[in-house]
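Take a look at the structure set out below.
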Amino acid sequence: MASSSALASTCQPFIWDDALIQRYDLSGPRYTSYPTAVEFDPQYPLTDMVQAAARSGASGRPLSLYTHLPFCAHLCYYCACNKVITKKRDKAMPYVERLLKEAAMQARLFGAERPVRQLHWGGGTPTFLPKDVMAHLMAGYGELFNLQRDKERDYSVEIDPREVDQDTLPTLWDLGFNRISLGVQDLNPQVQKAVNRIQPREMTEAVLNEARRLGFRSINLDLIYGLPHQTPESFAATLEAVIDMAPDRLSVFSYAHLPDRFYPQTRIVADTLPTPQQKLTILHNTINRLLEAGYEYIGMDHFARPDDSLAVAQKEGRLHRNFQGYTTHSDCDLVSLGVSAIGQTDDAYFQNNHDLPVWEAAIDAGQLAITKGVNLTRDDRIRRWVIGQLICQFRLERQRFADQWGENPDRYFADEFRRLQPMMRDQLISDDGRTLQVLPAGRLLIRAICQIFDLYRKSGASQRFSRII
């Protein structure tokens, strides 16, 4: 017998159904892009990227500027990011000098005058950089790009609270950052020891409170469920402590144990991981508790307070999704800098080399380090738009589709609508002839719904992705 439960915030109803989860919890993309990164061509011509950047520049769209800073002083055993573990802070400045060389090349291609509405430093650990190096990087960007200082900008940085001293947050604030994301993962000491990330609650809370005092907004905390020694009870205790801290946003990610792909995970003893059923219980309890505490379920792993810009954008149909996750800046083309970084225009994606020495050699030679990419067909752009509507707004309006693309959706997606029928019978999604609406039971399984519109998944090959839940 399937068990189900429902809780609702004012406009984010949610239903958990064990039988439906068992039926649809297969593998699938996270749709931070469409086509997804597995479709990127390893022989992608650099000339195609240059032409895409020129079309982007002609559009006059604002820019989002992403920087990948790979250095970490400590190895977290769960981590699957592209990183360099080192205690040598003097490695930062040579990397930053190369970033600025790369930025100069990109600024010439994309247009230096375009306003940078969104800026993000990710990693790795961006706060690994000494403060003078951070200032040097941001000053260089200010000379190359049209950085903004108004309240509407979204300038964010990922922070490891273990890499914060009394000057870190004031420095970031003075440099123009106005939003931060704090890595927490779990507050239980046994779990922290097992993943080599000792970070007392007091440390996290002190950083969050100082950030609030300085004026940072939309403060996010990252949690991970499925880590060693976690139980539904232990994670519930972590969650209560986090709710007490009252972040504006929460990201609650599922840990995927893939030691064959990510060597640091070999340090994690598989027998200490929660069972699949325990993981589901942790997620179920977490969603219920966060809704109870007044957070809204934005989608997938993300929650936000009702007055946060993410929740407001979702209500107004303006929410967007890219490689940084959910965002309010749907109109920005993405200029990405650093090893493994992925850029995006309206009709192309392109990615830098993952290998740090190879990236460095390309930049030193005065060349871009792009090694993979894809040019989008009109069909790709149409399907990206549809998947974006479903995964961000939880609905697809036929008239809006017709106005946007000049196509009849019932003709264009006749096969997809046919393949949606089982999901309609299972009440994951409804269709009144005007709007496809994701129902409460379908919100958790949104990746499965989106796959119906993914042309590349029709032939299978979903095993290359993580499980949907």
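The values are calculated or read from the model by the stated rules, or taken from the named source; none is laboratory data. What you see is a predicted model, and the numbers here were worked out from it, not measured in a lab. So basically every Cβ, Gly included, is an ideal-geometry build from the backbone, and we count neighbours across all protein chains shown. These area figures cover heavy atoms from the full protein model, side chains too; ligands, DNA and RNA do not enter into them. Shrake-Rupley method; radii C 1.70, N 1.55, O 1.52, S 1.80 Å.
Worth a mention:
- Centroid-to-centroid separation of the range 115-183 and the range 220-276 [C-alpha atoms, Å]: 26 Å
- Per residue, the range 83-143 exposes an accessible area of 39 Å² to a 1.4 Å probe, with every protein chain left in place.
- Of all accessible heavy-atom area on the range 348-469, the percent that carbon and sulfur account for (1.4 Å): 47 percent
- Neighbourhood net charge (15 Å Cβ-Cβ; Lys/Arg +1, Asp/Glu -1) for Pro115: 0
- Amide H to amide H, with H built 1.01 Å from N, Phe253 comes under 5 Å of Leu223, Ile224, Tyr225, counting only residues 5 or more places away or on other chains.
- Share of pairwise Cα separations in the range 143-234, more than 20 Å, in percent: 43 percent
- Normalised by residue count, the chain yields a Cα convex hull volume of 143 Å³ per residue.
- Ranked order, Leu109, Leu172 - accessible area, probe 1.4 Å, largest first: Leu109, Leu172
- Normalised per residue, the accessible area of the range 228-276 is 49 Å², obtained with a 1.4 Å probe and no contribution from ligands, DNA or RNA.
- Each peptide in 273-286, 324-337, 37-50, 200-213 gets a packing score, the mean of other Cβ atoms within 10 Å over its residues, and the list from highest to lowest is 324-337, 273-286, 200-213, 37-50.
- Among Ala112, Ala369, Gln190 - extreme Cα towards positive end, dipole of the chain, charges at beta-carbon: Ala369
- Computed from the C-beta positions of Asp165 and Gln367 and an R0 of 51 Å, the FRET efficiency is 0.85 to the nearest 0.05.
- Close amide H pairs (under 5 Å, H built 1.01 Å from N) link Val84 with Phe71, Cys72, residues at least 5 positions away or on another chain.
- In a fully extended conformation the segment linking Gln399 and Ala73 would gain 112.2 nm over its present Cα-Cα distance, using 0.36 nm per residue.
- Local charge for Pro228 was computed over the other residues whose Cβ lies under 11 Å away, with Lys and Arg +1 and Asp and Glu -1, and equals 0.
- For the range 63-136, the carbon plus sulfur part of the accessible surface works out to 59%, probe radius 1.4 Å.
- If a spin label sat at a point 7 angstrom from the Cα of Asp48 along the line to its beta carbon, the backbone N atoms of the range 369-384 nearer than 16 Å would be those of 369-381.
- Distances between placed amide hydrogens fall under 5 Å for Leu273 paired with His229, all partners being 5 or more residues away or on another chain.
- For Val358 and Trp173, the difference between the fully extended length at 0.36 nm per residue and the C-alpha to C-alpha distance is 63.3 nm.
- Beta bridges assigned by DSSP with both partners in the chain are antiparallel in approximately 50 percent of cases.
- Potential lengthening between Phe262 and Asp431 on full extension [0.36 nm per residue; Cα-Cα distance subtracted]: 56.7 nm
- Charge dipole (Cα centre; +1 on Lys/Arg Cβ, -1 on Asp/Glu Cβ; no other charges) of the chain amounts to roughly 480 debye.
- Förster-model FRET efficiency, 41 Å R0, Ile198 and Ala112, C-beta, rounded to 0.05: 0.40
- Average Cα contact separation per residue, the range 43-202, under 8 Å, 6 or more apart, as relative contact order %: 25 percent
- Estimated FRET transfer efficiency (Glu210, Gln421; beta-carbon r; R0 51 Å; 0.05): 0.45
- Between Cys450, Pro409, Met424, the Cα set farthest toward the positive side of the dipole of the range 383-466 (charges on each charged residue's Cβ, about the Cα centre) is that of Cys450.
- Total formal charge among the other residues, if their Cβ is under 10 angstrom from that of Val252, Lys/Arg +1 and Asp/Glu -1: -2
- Rounded to the nearest 20 debye, the dipole size of the range 358-418 about its Cα centre is 240 debye, using +1 on the Cβ of Lys and Arg and -1 on the Cβ of Asp and Glu.
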